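Each remark here refers to the structure printed beneath this line.
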Amino acid sequence: SFTGYGTHHSKTWQNLGRVQLTNGSLFSLPGGDAGLAVVLEGGSEGWNYSPNQSFIDGNVWGTTAVAGAGHRSSYAVTSELRMPLHETINLSVAGRYDQYRYSGHTIGKATWSGGLEWRPIDTLLVRGSYSTAFRAPDLHYVFAGPGNDETTAEDLYSCRADGASDCSDYERNLIRSRTGNRQLDPETSTSWSAGLVWSPAIGLDLSVDWFDIDMRKQVQDMDVRTLLANEANCRLGSADINSPTCVDALDRITRTSDGRLYGVRV
């Protein structure tokens, strides 16, 4: 009587149109002709997740699910110029602009890259590159509906207010809630690489490359313990209660009328 089956349905789709124009002999350089490519893109993508209603309502013990759906359109223009500066040196530069539109919100970003190749001898290639990039938030992070799950954490504010030296006795069950955010900014990154390719024989290539990638503004849920620590600092005066950090933390934490910790919005 307490068992059964639940079915979740999910769907993603993407449409993309692409036009590419190339000119392999744009102008002459000491190492040969420079080549140019220009690409125009446009399309749309969508996401829909419909879990069983019992999971949404919290009627399945130990688990939960969050429904959501949304779509967005995207446009991009990119170009790349490859220039043989010398018989042994090739330089390539590229630029790109992307724009995403959804729910009255627009995200646009320009990125670029550059690369250099040097072949001192026929069997050895030395290469390096630098580039910037960005990534629009996943549709799930943008359009997910409200959902809850249960977790545990130490009530740091009550612990410190009581002057306790050990907060393990203040661990509480609480509701962790989350929902999509349509105001999210894109994730960004910069990267560079350096390496070489050695071709000692026909059909044999040996390569080694070093990559360094710096990612910023990554989209993620907030940490429950960090929010509770911020709340304690703000309420007890070790942080400015009017600061943006305190205002945000206090807005995310829910307590009952008698002060018991109830939930955290991440």
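The values are calculated or read from the model by the stated rules, or taken from the named source; none is laboratory data. Quantities reported herein were computed from a predicted structural model and do not represent experimental measurements. Virtual Cβ from ideal backbone geometry, glycine too; neighbours counted across all protein chains shown. Only protein heavy atoms, including side chains, enter the accessible area calculation; ligands, DNA and RNA are left aside. Shrake-Rupley method; radii C 1.70, N 1.55, O 1.52, S 1.80 Å.
Suppose a student asked you for the relative contact order of the chain, using Cα pairs under 8 Å spaced at least 6 residues apart; what percent would you report?
Value for the chain: 13 percent.
In the stretch 64-195, what percent of the accessible surface is made up of carbon and sulfur (1.4 Å probe, ligands and nucleic acids excluded)?
Solvent-exposed carbon and sulfur of the stretch 64-195 make up 49 percent of the total.
Can you tell me, using C-alpha contacts under 8 Å and at least 6 residues apart, the relative contact order of the stretch 44-134 as a whole percent?
It rounds to 20 percent for the stretch 44-134.
Considering only protein heavy atoms, what is the solvent-accessible area of Lys109 at a probe of 1.4 Å, reported in Å² to the nearest 10?
80 Å²
Provide the per residue accessible area, probe 1.4 Å, for the chain, rounded to a whole number of square angstrom.
63 Å²
In 10 Å bins starting at zero, report the fraction of Cα pairs in the chain per bin as a rounded %.
6, 18, 21, 20, 16, 12, 7, 1, 0
Using the Karplus equation 6.51 cos²θ - 1.76 cosθ + 1.60 (θ = phi - 60°), what ³J(HN,Hα) coupling, rounded to whole Hz, does each residue of the stretch 4-17 give in order, writing x for Gly and Pro?
Listing the rounded values in order: x, 10, x, 10, 9, 10, 9, 8, 10, 8, 8, 10, 8, x Hz.
Please give the peptides 172-183, 92-103, 197-208 ranked by average Cβ packing (other Cβ atoms within 10 Å per residue), highest first, as a rough proxy for protection.
92-103, 172-183, 197-208
Report the extension gain between Asp162 and Arg260 in nm, rounded to one decimal, defined as 0.36 nm multiplied by the number of residues separating them, less their alpha carbon distance.
Using 0.36 nm per residue and subtracting the Cα-Cα distance, I get 33.9 nm.
Based on the mean of other beta carbon atoms within 10 Å per residue, what is the order of 225-233, 40-48, most packed first?
Per-residue mean Cβ counts within 10 Å order the peptides as 225-233, 40-48.
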